[in-house]
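Worksheet: the structure to be examined is printed underneath.
The values are calculated or read from the model by the stated rules, or taken from the named source; none is laboratory data. All figures in this text were calculated on a predicted structure; none of them were measured in a lab. With ideal geometry, Cβ positions are generated from the backbone for all residues, glycine too; neighbour counts draw on all protein chains shown.
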Amino acid sequence: MKKISKKISAWAILVALIAFGAGCATVEPYQKGNLSDYTMRSDRDELASVMNSHIQYSREASTGGEGVGGGGCGCN
């Protein structure tokens with residue numbers, strides 16, 4: 001029984017090392033233009049960003065860092 005669990009542990013460690021190693025990548029300078037493209041921006045739709053902030057602050061009953069006044073009731 002212990003031999004089987006040692007094999008499973010060894011395989012689990014090997015799989016974890018492969019999975020973590022596969023996530024490492026180097027971005028070349030010519031590829032950085034793709035990452036800075038307009039479509040990659042999360043705030044490209046200003047109205048959607050404002051509405052998402054309003055919904056979050058209304059649900060959380062708090063305000064934070066974006067200059068929004070009022071409480072969590074959503075009336076401001």
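Key figures for this structure:
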{"read-out": "Yes/no for residue 53 being in contact with an Asp or Glu (Cβ under 9 Å, 6 or more places away or on another chain), surrounded by 10 or more Cβ atoms within 10 Å (Cβ to Cβ) and at pLDDT 80 or above", "value": "yes"}
{"read-out": "Selection within the range 22-47 - of a type in the set (Gly, Ala, Ser) and modelled with pLDDT of 80 or more", "value": "33"}
